[in-house]
Structures are given as C-alpha cells and as structure tokens.
1. Can you give me the number of residues within the stretch 116-140 that are in contact (Cβ under 8 Å) with a residue 60 or more places away in the chain, part of a loop (DSSP other than H, G, I, E, B) and within 21 Å of R52 (Cβ to Cβ)?
2. Yes or no: V122 in contact with an Asp or Glu (Cβ under 8 Å, 6 or more places away or on another chain) and either small (G, A, S) or modelled with pLDDT of 85 or more (or both)?
3. With respect to A31, determine if the residue is within 23 Å of the chain's Cα centre (by Cα), at pLDDT below 80 and among the aliphatic types (A, V, I, L, M).
4. I'm trying to understand the selection: among the residues of the stretch 46-61, which are at pLDDT 85 or above and either aromatic (F, W, Y) or part of a strand (DSSP E or B) (or both)?
5. All but one of (1) open to solvent by less than 100 Å² (accessible area, probe 1.4 Å); (2) among the hydrophobic types (A, V, I, L, M, F, W, C); (3) at pLDDT below 85 hold for M1, so report the exception by its number.
Amino acid sequence: MTTSRPKLVLSSPKTVGVIVMAVLLAFSLFAFNRAKVQTTLASGEPLSAEFRQDYKLVPHESVVKLAGVEVGKVTGVEQADGNAAKVVMKLDDGTLDKLGTQPKANIRPTLVLGGKYYVELVQGGKDGAAAEGATIPAKRTTVPVELDKVLSAVTPE
C-alpha cells in the first residue's frame, strides 16, 4: 500500500513570487510607518491640550516630556477655531498620576533657535491624577516666542 503525499502549495514559482512580494510590501509599510505603529501599539494614557496657535508639532514624532524626561508622544494635531490647535498625546502608564489635578502644557524648541519642538508638561493644582482623556485648556498652555517676532517688534520700520 502506497500513501500519496499532498503536493506543496509553494511548488509553483508564481505562488512563491506572490508570497515574497507580499512580505516585502508588509515590511516596507512597517518601515515607513514605524513611529506610528510603535505609538499605536504601545500602552498609554490619553491627554489633550489646547494651544492658541498651531505650532510645528508632528504626530507620532514629537515627544512629550515631564521634568525633562520623555513620557509620551504626540499622536495628533487637530485644527481648532482660527489658528488654534488641539494636540492629542499618548502618555506612558502612570504619568497622569504625577501631573496633579490642573497640569500645564508648553510647546518648547529642542534648540535655542528652533529645530524640533516638543510638549513640556508641568505639574499643577492639587496632588492627584489628571483625568484620563482630559483636555488642558488654552489658558494653561503656552507656545514659544520666535526670535524674528521679537526683533520685528523692537526694530523701526
């Protein structure tokens, strides 16, 4: 009695080529969207902040810091009324417990003359946790003052 072996599905060169192309496509999509994939898959707590001005923050690339330590990433920048913007952040687990009940948020440059920008969180209010998914209002946020705006204000026209 002879037993017949099932044919391998990969016996066709066309099938092998399609599988290789699919793997390469998946790898390239991951490589070009690595920052977004990492932020999405990471655990964390959401927090938003309203700023009076839309400022050079890049979703999934701009970082969030607390006392100089990176504690999260900016996940979205949504246009609000006029030039204002709502910044959505994903913070590391436990960060909300350290912010207090009325935290503040500032947009800061990494270099004196600009470069990349990040969100700096500042503890505020009473001890306790900020509400998960809460929004820091515009009255408790600041944006940096650019050198060219300062110079244009003090130079005669």
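1. 3
2. Working: in contact with an Asp or Glu (Cβ under 8 Å, 6 or more places away or on another chain): no; either small (G, A, S) or modelled with pLDDT of 85 or more (or both): yes.
The answer is no for V122.
3. Working: within 23 Å of the chain's Cα centre (by Cα): yes; at pLDDT below 80: yes; among the aliphatic types (A, V, I, L, M): yes.
Considered against the rule, which asks whether it is within 23 Å of the chain's Cα centre (by Cα), at pLDDT below 80 and among the aliphatic types (A, V, I, L, M), A31 comes out as yes.
4. Selection gives P46, L47, S48, A49, E50, F51.
5. The failed condition is (1).
Here's the yes/no breakdown for (1) open to solvent by less than 50 Å² (accessible area, probe 1.4 Å); (2) within 15 Å of T141 (Cβ to Cβ); (3) free of Cβ contacts under 8 Å to residues at least 60 places away in the same chain:
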position: V58; (1), (2), (3): no, no, yes
position: V71; (1), (2), (3): yes, no, yes
position: V74; (1), (2), (3): yes, yes, yes
position: V88; (1), (2), (3): yes, yes, yes
position: D93; (1), (2), (3): no, no, yes
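The values are calculated or read from the model by the stated rules, or taken from the named source; none is laboratory data. Computed from a predicted model, the values in this text were never measured in an experiment. Ideal geometry is used to build each Cβ from the backbone, glycine not excepted, and the neighbour counts take in all protein chains shown. To get the accessible areas, we keep the full protein, side chains included, count just its heavy atoms, and leave off ligands, DNA and RNA. Shrake-Rupley method; radii C 1.70, N 1.55, O 1.52, S 1.80 Å.
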